[in-house]
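Visitor: Take this structure first; my questions come after.
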Amino acid sequence: MDTKDCIFCKIINNQTPSEIVYEDEKVIAFNDIYPKAPVHILVVPKKHIISLDHIELEDKDLVWNLISTAKKIAKDKNLSGYKLLINIGRKGGQIVDHLHIHLMGDPNR
Ligand code: AMP
Ligand code: ZN
């Protein structure tokens, strides 16, 4: 698939609206459009990587960036506990073929 048809690349390139909660040079995070928890944020590398199955050694810093960003956002959202989920491949429940971490939690729990 061409990256121009990728919904998350469109969000990254400001071609589709989203509720951005964090952004830096390498990572963006925005609210999931169909939240499955009171806080449901997608943490996404700006580099188009199809899935965790497609990361290379050169992406190791990016993986750290994604996880530490998720941690930072969880703290900002007052989540004392939370879940991180990565779906990989259709049979793993992945619908959008651009690597992302689901950050889910409830600040009132
Ligand atoms: P996955 O099944 O892991 O590929 O998850 C993809 C997620 O992206 C789902 O939870 C969708 O609700 C979410 N999603 C799809 N399109 C958008 C969008 N335009 N803005 C925000 N979230 C989206
Ligand atoms: Zn993409």
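What follows is calculated from the coordinates using simple rules that are stated; it is not laboratory data. This is a predicted model, so every value here is computed, not measured. Reconstructed Cβ throughout: ideal geometry from the backbone, glycine too, with neighbour counts over all protein chains shown.
Visitor: How large is the dipole of the chain about the Cα centre if only Lys and Arg carry +1 and Asp and Glu carry -1, each at its Cβ, rounded to the nearest 20 debye?
Guide: Using only the charged Cβ atoms, the result is roughly 420 debye.
Visitor: For the chain, calculate the relative contact order in percent as a whole number, restricting contacts to Cα pairs under 8 Å that are 6 or more residues apart.
Guide: 30 percent
Visitor: Need the list of lysines near residue 75 for cross-linking: C-alpha distance under 26 angstrom, and skip anything on the same chain fewer than eight residues off.
Guide: List returned: 26, 36, 46, 47, 60, 83.
Visitor: Per the Cauchy relation, a quarter of the hull surface: what is the mean projected area of the convex hull of the alpha carbons in the range 24-84, in nm²?
Guide: Over every viewing direction, the Cα hull of the range 24-84 projects on average to 4.7 nm².
Visitor: Still on this structure: With everything on Cα atoms, drop me the angle between helix 60-76 and the longest principal axis of the chain, reported from 0 to 90° to the nearest 10.
Guide: 30 degrees
Visitor: Short version: ³J(HN,Hα) in whole Hz for each residue of the range 32-43, in order, from phi by Karplus 6.51 cos²θ - 1.76 cosθ + 1.60 (θ = phi - 60°), x for Gly and Pro, what are they?
Guide: Result, ordered by residue: 5, 5, 10, x, 10, 7, x, 10, 9, 10, 9, 9 Hz.
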